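The values are calculated or read from the model by the stated rules, or taken from the named source; none is laboratory data. Just so we're clear, the structure is a prediction, and the values are computed from it rather than from any experiment. Note: ideal-geometry Cβ built from the backbone for every residue, glycine included; neighbour counts use all protein chains shown. Surface accessibility is based on the protein's heavy atoms, side chains included, excluding ligands, DNA and RNA. Shrake-Rupley method; radii C 1.70, N 1.55, O 1.52, S 1.80 Å.
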Amino acid sequence: MMINNLIWDFDGTLFDTYPAMVNAFVNGLNDMGIDDVGIDEHDIYVIMRQQSVGAALKKFSAYYGIKESKLAQLNAKYQTEQVKDAKPFAGANELLDYAIENGGGNYLLTHRDEQAKTLLDNFGMLSKFTGFVTSADKFPRKPQPDSLNWLKQEYQLANESTVMIGDRQLDIEAGNRANVSTALFDPDRTIVKTGSPDVRVTELSELKDFLVK
């Protein structure tokens with residue numbers, strides 16, 4: 001059966017937000033007295049991709065001996081300011097159109113707040129989505145499958161025609177737990193523990209062959 005229901009992660013999957021996210025994190029560290037010389041931006045990025053922003057907050061607040069809650073507050077503030085300039089990845093719009101043209105739909109599943117919808121709207125993509133789950137909905141965070149299962153039930157999405165697309169292990173594990181297909185978008189091959197996706201790609205355009213197989 002053709003896969004025509006696409007459940008999308010936002011950060012690092014639909015939009016290239018990680019450069020802004022890392023910069024926001026560094027700004028927060030700077031505000032807490034950590035000099036740029038002692039900051040490894042690549043290490044921050046890898047922890048965010050391989051694990052989560054929460055893991056990065058925990059690791060680097062402990063490493064620098066600073067208060068995690070304060071760093072989290074600063075990071076959130078700077079992210080809101082800097083992520084607003086992020087752009088979608090190449091191939092995203094084409095896959096959104098594919099789902100609609102083939103009788104399916106697109107669904108957003110993100111830990112980000114309503115800013116994700118604003119960014120989608122800025123690029124004319126919001127209207128291509130049928131359903132949304134953001135941090136405002138208060139579901140347990142991925143890899144827990146609760147939010148995915150809600151989307152499936154609310155929009156009557158069949159397992160065999162649905163895929164979870166994400167850039168991290170936790171996206172894949174959530175999809176696996178919800179019994180849908182899973183696709184890992186890993187443009188720079190950063191992910192080591194993948195969660196065993198059904199397909200792994202470095203460009204979104206590569207997903208087309210998987211969806212129509």
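What ³J(HN,Hα) values, in whole Hz, does the Karplus curve 6.51 cos²θ - 1.76 cosθ + 1.60 give for region 107-120 when θ = phi - 60°, with x put for Gly and Pro?
9, 9, 9, 9, 7, 6, 7, 5, 4, 4, 5, 4, 5, 4
Report, to the nearest whole %, how much of the accessible area of the chain belongs to carbon and sulfur atoms, 1.4 Å probe, protein only. Working shown, then result.
Details: 4580 of 9800 Å².
The value for the chain is 47 percent carbon and sulfur by accessible area.
Running a GNM on the chain with Cα contacts under 10 Å, which residue among Tyr98, Tyr64, Tyr45 ends up with the highest mean-square fluctuation?
Tyr64
Enumerate the amide H contacts of Arg200 below 5 Å, restricted to partners 5 or more residues apart or on another chain; note that Pro and chain-start residues carry no placed amide H.
Leu184
Find the centroid of the Cα atoms in region 89-103 and in region 107-162, then give the distance between the two in whole Å.
16 Å
With only Lys, Arg, Asp and Glu charged, each at its Cβ (+1 for the first two, -1 for the last two), find how big the charge dipole of region 18-58 is about the Cα centre; round to the nearest 20 debye. Show your work: numbers first, answer last.
Working: 2 positive and 6 negative charges, 55 e Å.
Here region 18-58 has a charge dipole of around 260 debye.
Going Cα to Cα from Lys77, which aspartates and glutamates come in below 18 Å? Please leave out same-chain ones fewer than 8 positions away.
Straight-line reach from Lys77, under 18 Å: Asp11, Asp31, Glu68, Asp85, Asp113, Glu114.
Tell me, what HN-Hα J-couplings in whole Hz come from the Karplus equation 6.51 cos²θ - 1.76 cosθ + 1.60 at θ = phi - 60° for each residue of region 59-70, using x for Gly and Pro?
With coefficients 6.51, -1.76 and 1.60, one gets 5, 7, 5, 5, 4, 8, x, 10, 6, 4, 5, 5 Hz.
Specify the residue with the greatest mean-square fluctuation among Gly175, Gly12, Gly33, computed from a Gaussian network of the chain linking alpha-carbon atoms under 10 Å apart.
Largest GNM mean-square fluctuation: Gly33.
Can you work out the accessible area per residue across region 71-114, with the rest of the protein chains kept in place, probe 1.4 Å, in square angstrom?
Result: 45 Å² per residue.
Cα extents of the chain along the three principal axes, largest first, in whole Å?
55, 33, 30
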